[in-house]
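Trainee: One structure coming up, written as C-alpha cells, with questions to follow.
The values are calculated or read from the model by the stated rules, or taken from the named source; none is laboratory data. All values reported here derive from a predicted model rather than from experimental measurement. Quick reminder, even Gly has a Cβ in these numbers, built from the backbone with ideal geometry, and neighbours come from all protein chains shown. These accessible areas exclude ligands, DNA and RNA; they are computed on the full protein's heavy atoms, side chains included. Shrake-Rupley method; radii C 1.70, N 1.55, O 1.52, S 1.80 Å.
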Amino acid sequence: MRSAALLVLVASQVLFGIDVAAQSIRVDAKDADLRDLLESVGLQSGIDIVYAHSLVEAHRVTCDYHGNRLDHALSCILQDTHLGFEQVGPRQFVIRVPLHVAPPNRHVLTGRIVDLPTGRPLTGAHVYLPDVADGSVAAEDGSFEVSGLSRSHYRVRTSFVGYATVDTLVAVPREPLLIALRPTGIGTETLVVIGEINGSQATSVLPGVVELDASDLEQIPTAIDDQDLFQALEWLPGIERAGETIGGLSVRGSSPDQNLYLLEGAPVYHPSHAFSLISTFQTETLTDVRFYRGSFPAEHGGMLSAVLDARLKDGRGDRPRANVAINALNARFLVEAPITQNASFMIAARRSYLDKIIGSEHPVEEDGKRDTLRTGYYFYDWSAKLTFRPGDRSRISASYYRGRDDLDLRLPFDLSLNFSDWLRPADLFFEVGHRWGNEIYSVTYDLVLNPTTVLSATAYESRYKADERTFVQPTSSSVVASDYAVSLQDLGVRSEVEFTPAVDYSAKVGLSVSQIRFRSALSAELERSASLIRDVDEFSSLTSFEVATFVQGSWRPSERWRIEPGLRLTTFTGAKGLRVDPRLNASYRISPNLLAKAAVGTQVQYLHRLRDRYSFLYDLVSTRWVPVDGRIRPSTSTQVAAGVELEPSGAVAVKAETYYRRSEGVLVPRDHFQTKDGIDGPGIDVAALLGEHTSASMRSYGVELAGRVAIRKWGVSVTYTGSKSESRAQELGEVVFRPSRYDVPRSLRSSVSWAGNRWSFSAAAIARSGYPETVPTAQYAVGGPLDDTEFFLHRPTINNGRLPAYARLDLYAGYRFRAGGARLNFRVHVYNVTNRRNVLGRQYSPAVEGINLIERSGLPLLPLLEIEMEL
C-alpha cells in the first residue's frame, strides 16, 4: 500500500508539478509595473508565467522577496491586486482572476470595472441586472458584487458617467469579470471582457460587423507591414485586396471606392501609401476598429459596400509609454503619456527610408556625356490626439492626421528590363514629380446631460490633394510638359443624442452637415515640332452639400430578442428630392452560446470615383471623385444578410453568414480597353470624363464561414468565402450578368499560431480563385494596298476568362525580451515561403504571327525583419 501511495505521489509531482521550488528569485520593487516583474521572475526561475497582457498592464505593485519558491514570489507580487495564480503544468503558471466561491444554491457575480485606455478603476460605476432588478456600485478599487443569484444566465448593463453603456449576457457561477469601459461617448457598445470567459461576450446585432480592439489587431497575421490595418482585415471572410499586396479592400466583390473610411469621425478619401501597398491606418495608433460589411446602422451612410470606423488612442493616463520600431518598409515611433490627472496625449509618426539608403539622385556619365537621373520615393504620416476631461460629465478630444507620398523620377524614355541600362545619359527621357496625401482635423465633445441622456458632437476637416508634374521628350523634336492637380476638401459637423429611458429601450438621433469642394487644374504645353505647339489651360471647380439626419432605436422585448430599427434621411446637391433609407436589424439568442442575426437595409452613394487614365498625359493621378448632378444619378443598393454565431466555450467560436446585395447606378467604363490617342486626350472636363462611363447594375451573394480555436498558447483560425459578384450594363448590349472585376468565387484562409512569454510563431496560408480577365477570342487586320496593316483584338465578352488560382504561405517568428529597462521585440516575416509566382495580370497584344501574351507575376519569397523597442 505504501508503494502504491508513493507511486501516486511521484506521479502527481511529475504531472502537476506540485514542487514549485525554482532557482534563486529576488524581487525588490516599489510601485513597479506588474508586467515587468512577471517577466523578470519568469526569467530568474526559468518557468513560464502565462498571462493576458491586457489583464496585468494597468497594475503597479510593491514586493520585497528573496528565496527560491516561485509560488511565494507570485503571492508577494500579486498581494495588492485582485489577481491570483494557478499551476497548470510542471513548469507553467497562469495568472488569472480567482474564482469566487458562492453559498450553496446561490451564486455571486463579481468583477472589476476599469477605464480602458488607462486601466484605472472606475469608482462609482453602476452594474444593473434587469432580470432581477438588482445591481451594485463599484467600490474604490473598481470591484463590484451582486449576490443571491439562482439562475444560470443574466443580462448585465454596465454604465458610468462619461463612458459608453454596454450590455451583455453572462453565465453564473463564473470567473469574476474584468470590464473595461471606453470613454468614447455614446454609440460605442463594445464590451471588453478580459480574462476567463465562460459566458458569451457582447456582440453586435448586425451581421457582418467586425469589432476589434488593439489586442485583437495584434493577433491577426499581416504579410508585409506588422502595423497595417488593411493587411489584417484581408484575413477576415468576404474581404480581398484588389491586388496581391497593393490595392484597396474589395468587400463582398465590390469596388474599393464603395467603402467609407473614417478616422475619428472624419472621412479619409485616399486611405493608402506606396501605391496602395500600405494603408494610412497604423494599428499601433488605434484603440478600436469597427468594420461593417454591407449592414450599416442608420448613423452611417454615403457608401454602398462597407464602413471602417477607427478611433485613435487617447494616450495612457497612468504613465508615459514610448515605442520605436524599424522594418523593411519604414521606421516609426509612438509616444503616449498623461499631461495632468484629467488630460493625456498620443503622438505617432512613420517614414519610409529607402530613398535615404539608395539615394534619390544618380549622376551618370557615358562617352563624355553627363546627366543626373532621379529615382526618389518616400512616404510619411503623423497621427496625434489630445484628450481632456474637464469633469465627470464631459470629455473633449482633438485629433490630427497628415500623410504624404512623394515620387520624383527622371529616367530614359526607352526603359528596358535591364536596370543597368537605366543609369545612363539619354537624349530622350521623361520626368515625373508626383505628390499626394491626406490631412485631417477632428474635434469631438461628449457631454452627459443626465443619467439617461448623452450628447456627442464632432467637427472635422478632411483634405486630399494630388499633383503630378510631367516632362517628356519622346522624340528629338517633340516635348510635352504638364502640371495636373486635383483636390478635395470636406468640411463637416455632426451631432447626436442618445436617450436611454429604460434598460430595454434606447434611441439615438443625429444630424450631419457637410460641404465638399472638388477642384482640378491642368496646365500643359505640347510641342510636336518647332512650328506646331499647343497650349492647354483648364480648371474645374464644384461644390456640393450633404445634409443627413437619422434615428436609430434599440429594443429588447424579451431576454432573447434584440431589435434595432433605423431610418436615415439624406439630401445632396445635384440629387433629386429626399432620399429615405430604412434599416432593420434583429438578433435572437437561441441559447446562451448560440446567437442568430438578420439585417435588411438600403444605402446610397453620391460620390463616384472614376478612372481618369484617358485624359491627356497623366497616368498616376488616375482617379477623381465626381459628385452626382443632373447628368449622373446616385448609386443605390439593397442588402439582406443573416447569420449565426456559436461559442460552445471561451476557446471555440464559429460564425456563418449569408448575404445578397443588388446595386443600381454603378458607373463602369464604356470601353475597358480604350487607349489614349498618343499623348493627347479630351482634358479634365467632368462631362468628358462621364462620357467615357455608363451606368450598370450589380449583384453579389455568398456564404461566409469562420472558425476560431484558442487553447492556452495555441490559436487556430479558418475562414472560407463562397460568393459571386456580377454586373450588367444594358447600354453596352449586355443582356445577362457577367463576372465583375473583383469576383472571387472561392477563398480559403487559415492560420496557426503559438505564443509564449518570449517566443511566438505563426503560419498563415491563403488560397483563392483568380480574378476575372478578358481573353481575346480572335484578331483581325485592317489595311489596304497602299496602307500599313493594323492588327486588332476581338473581345466579344468582358471577363470571359479567369486568372490562375492564387496561393501563398507566410511564416512568422517573434522573440521578445528585456534589456536595459526596455522591452525589445524581434520579428521575422517570411512572405511567400514557397516562392510561388502567382499570376496577377495578363496583357494581350496583336501580332503578325498571333496574339502575344505577357504575364505579370506577384512578389517572390521575401524575408522581412522588424525590430521594436518599448520604453
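Trainee: Looking at the structure I just gave you, is residue 609 open to solvent by 10 Å² or more (accessible area, probe 1.4 Å), at pLDDT below 90 and not in a loop (DSSP other than H, G, I, E, B)?
Mentor: Criteria met by residue 609.
Listed here are the residues, each with its yes/no results for (1) touching a Phe, Trp or Tyr at 6+ places or on another chain (Cβ under 8 Å); (2) open to solvent by 40 Å² or more (accessible area, probe 1.4 Å); (3) farther than 30 Å from residue 611 by Cα.
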residue	(1), (2), (3)
445	no, yes, yes
460	yes, no, no
498	no, no, yes
522	yes, no, no
546	yes, no, no
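Trainee: In the stretch 669-717, how many residues are of a type in the set (Val, Ile, Thr) and either under 23 Å from residue 541 (Cα atoms) or modelled with pLDDT of 95 or more (or both)? Walk me through how you get there before you give the answer.
Mentor: Step one: filter the stretch 669-717 for residues of a type in the set (Val, Ile, Thr), giving 675, 679, 684, 686, 694, 703, 709, 711, 716.
Filter again for either under 23 Å from residue 541 (Cα atoms) or modelled with pLDDT of 95 or more (or both), leaving 684, 686, 694, 703.
Looking only at that region, the number is 4.
Trainee: Restricted to the stretch 795-835, and to residues that are surrounded by 14 or more Cβ atoms within 10 Å (Cβ to Cβ) and of a type in the set (S, T, N, Q), which residue is nearest to residue 739 (Cα to Cα)?
Mentor: Looking at the filtered set, the residue picked out is 799.
Trainee: Moving on to the next point. Between 290, 332, 351, which is open to solvent by 20 Å² or more (accessible area, probe 1.4 Å), at pLDDT 90 or above and at negative phi? Don't jump to the end; show me each part of the working.
Mentor: Details: 290 fails: at pLDDT 90 or above; 332 fails: open to solvent by 20 Å² or more (accessible area, probe 1.4 Å).
Sole residue among the options that is open to solvent by 20 Å² or more (accessible area, probe 1.4 Å), at pLDDT 90 or above and at negative phi: 351.
Trainee: Further question on the same structure: Can you confirm whether the stretch 383-402 contains a residue that is open to solvent by 70 Å² or more (accessible area, probe 1.4 Å), farther than 30 Å from residue 121 by Cβ and at pLDDT 75 or above?
Mentor: Yes, some residue in the stretch 383-402 is open to solvent by 70 Å² or more (accessible area, probe 1.4 Å), farther than 30 Å from residue 121 by Cβ and at pLDDT 75 or above.
Trainee: Could you check the stretch 626-674 and list, in sequence order, the residues that are within 24 Å of residue 740 (Cα to Cα), out of contact with any Gly (no Cβ under 9 Å at 6 or more places or on another chain) and buried (at least 19 other Cβ atoms within 10 Å of the Cβ)?
Mentor: Correct list: 626, 663, 665, 666, 667, 668.
Trainee: Which one of these is over 30 Å from residue 871 (Cα atoms) and modelled with pLDDT under 90: 772, 796, 745?
Mentor: 796
Trainee: Quick test of your reading of the structure: residue 840 fulfils all but one of (1) open to solvent by 60 Å² or more (accessible area, probe 1.4 Å); (2) closer than 21 Å to residue 242 by Cβ; (3) of a type outside the set (Phe, Trp, Tyr). Name the failing condition by number.
Mentor: So residue 840 meets the others, but not (1).
Trainee: Restricting to the stretch 727-750, name every residue that is over 16 Å from residue 806 (Cβ atoms), of a type outside the set (Phe, Trp, Tyr) and open to solvent by 20 Å² or more (accessible area, probe 1.4 Å).
Mentor: Passing the criteria: 728, 730, 731, 732, 733, 734, 735, 736, 738.
Trainee: Is it the case that the stretch 480-495 has a residue that's under 22 Å from residue 537 (Cβ atoms), touching a strand residue (DSSP E or B) at 6+ places or on another chain (Cβ under 8 Å) and outside any strand (DSSP E or B)?
Mentor: no
Trainee: Is at least one residue of the stretch 574-586 open to solvent by less than 50 Å² (accessible area, probe 1.4 Å) and farther than 26 Å from residue 608 by Cα? Lay out the reasoning, then the answer.
Mentor: Of all residues in the stretch 574-586, those open to solvent by less than 50 Å² (accessible area, probe 1.4 Å) come to 574-575, 581, 583, 585-586.
So of that shortlist, the ones also farther than 26 Å from residue 608 by Cα come out as 585-586.
Checking the stretch 574-586: at least one residue is open to solvent by less than 50 Å² (accessible area, probe 1.4 Å) and farther than 26 Å from residue 608 by Cα.
Trainee: State whether the residues of the stretch 777-794 include one that is surrounded by 15 or more Cβ atoms within 10 Å (Cβ to Cβ), at negative phi and within 34 Å of the chain's Cα centre (by Cα).
Mentor: Checked against the condition, which is being surrounded by 15 or more Cβ atoms within 10 Å (Cβ to Cβ), at negative phi and within 34 Å of the chain's Cα centre (by Cα), the stretch 777-794 yields no hits at all.
Trainee: Kindly indicate which of 314, 309, 318 is at pLDDT below 90 and either crowded, with 24+ Cβ neighbours inside 10 Å or more than 24 Å from residue 56 (Cα to Cα) (or both).
Mentor: Just a single option satisfies the conditions, and that option is 314.
Trainee: Cβ-Cβ distance below 7 Å, separation of 6 or more or different chains: which pairs start in the stretch 551-574 with a residue that is of a type in the set (Gly, Ala, Ser) and end on one that is open to solvent by 50 Å² or more (accessible area, probe 1.4 Å)?
Mentor: Once the first residue is of a type in the set (Gly, Ala, Ser) and sits in the stretch 551-574, its partners that are open to solvent by 50 Å² or more (accessible area, probe 1.4 Å) give 553/565; 566/551; 574/630.
Trainee: When the residues of the stretch 524-544 are filtered to those that are over 22 Å from residue 687 (Cβ atoms) and among the acidic types (Asp, Glu), which remaining residue is most open to solvent (accessible area, probe 1.4 Å)?
Mentor: In this case the residue turns out to be 525.
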